[in-house]
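The values are calculated or read from the model by the stated rules, or taken from the named source; none is laboratory data. Because the structure is a prediction, the values reported are computed rather than measured. We place every Cβ from the backbone using ideal geometry, glycine too, and count neighbours over all the protein chains shown.
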Amino acid sequence: MKSTQALGFEDLRTDANDTNVISGVQAQDRRAFEKLYLTYYGTLARFLARFVAPTSAAEEIIDDTFMTICNCAMEFRGESRVAAWIFAILYRTAIQSMEPSRLRGRLPFAGIFRRHDSEFASENPYNDRFDRRLNRLPLEKRVTLALAYQMGFSIDEIATITQVAPATVEMRMNHARRDLRDN
């Protein structure tokens with residue numbers, strides 16, 4: 001199993017811990033909800049910032065996501081990882097609250113394939129070209145790549161999050177890779 005750091009969840013602990021916290025949220029334990037909020041807020045904000053302009057819209061999407069989590073906690077059956085369930089809610093909330101035309105072409109997707117070394121990033125012209133190519137991809141392809149490579153979700157988890165078939169996820173990833181290579 002991958003470490004939580006490899007998944008991009010540097011502030012998350014374990015799947016077992018997440019399951020315990022969700023059980024607390026299901027029991028309407030306020031401290032469990034606060035723990036879930038504090039654990040996931042930063043990760044959701046960083047992920048969402050790649051697609052939504054830095055306005056209060058991202059904050060509203062995250063707040064709406066946590067409201068949905070609170071209201072739908074009883075529906076969580078443990079059939080997926082808690083993180084995948086939360087990202088599915090975030091994805092649907094973002095799509096519902098934003099017009100697709102406002103999501104496309106917003107903030108750069110920079111950083112998901114880069115090392116977190118500012119010196120490396122500023123001295124490598126390849127990164128700028130790569131970011132420009134990545135930003136030209138349709139939203140569905142960018143989201144799929146981010147969920148796979150930044151967040152570490154499996155094909156099946158991405159399919160659940162984006163509500164498409166696993167074959168569609170694979171197709172989007174293959175087309176995105178081809179588009180990046182060809183541009």
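One table, with the values for the structure above:
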item: Residue that is farthest from the chain's Cα centre (by Cα) [pool: residues in the range 41-83 that are outside any helix (DSSP H, G or I) and loosely packed, with under 15 Cβ neighbours inside 10 Å]; result: R77
item: Residue in the range 104-115 that is out of contact with any strand residue (DSSP E or B) (no Cβ under 7 Å at 6 or more places or on another chain), modelled with pLDDT of 80 or more, not in a helix (DSSP H, G or I) and not aromatic (F, W, Y) present; result: no
item: Qualifying residue in the range 73-93 (condition: among the hydroxyl-bearing types (S, T, Y) and more than 26 Å from G24 (Cα to Cα)); result: no
item: Selection count where residues are of a type in the set (A, V, I, L, M, F, W, C), part of a helix (DSSP H, G or I) and out of contact with any helix residue (DSSP H, G or I) (no Cβ under 6 Å at 6 or more places or on another chain), scope the range 149-177; result: 2
item: Test set (1) in the same structural domain as Y41 (by TED's automatic domain parsing); (2) surrounded by 20 or more Cβ atoms within 10 Å (Cβ to Cβ); (3) modelled with pLDDT of 90 or more - T144 fails condition number; result: (1)
item: Residue check for L7: closer than 21 Å to L147 by Cβ and either at pLDDT 90 or above or in contact with a strand residue (DSSP E or B) (Cβ under 7 Å, 6 or more places away or on another chain) (or both); result: no
item: Any hit, the range 135-153, residues being without any contact (Cβ under 8 Å) to a residue 24 or more places away in the chain and more than 15 Å from I95 (Cα to Cα); result: no
item: Members of the range 17-33 that are not small (G, A, S) and not in a loop (DSSP other than H, G, I, E, B); result: N17, D18, T19, N20, V21, I22, V25, Q26, R30, R31, F33
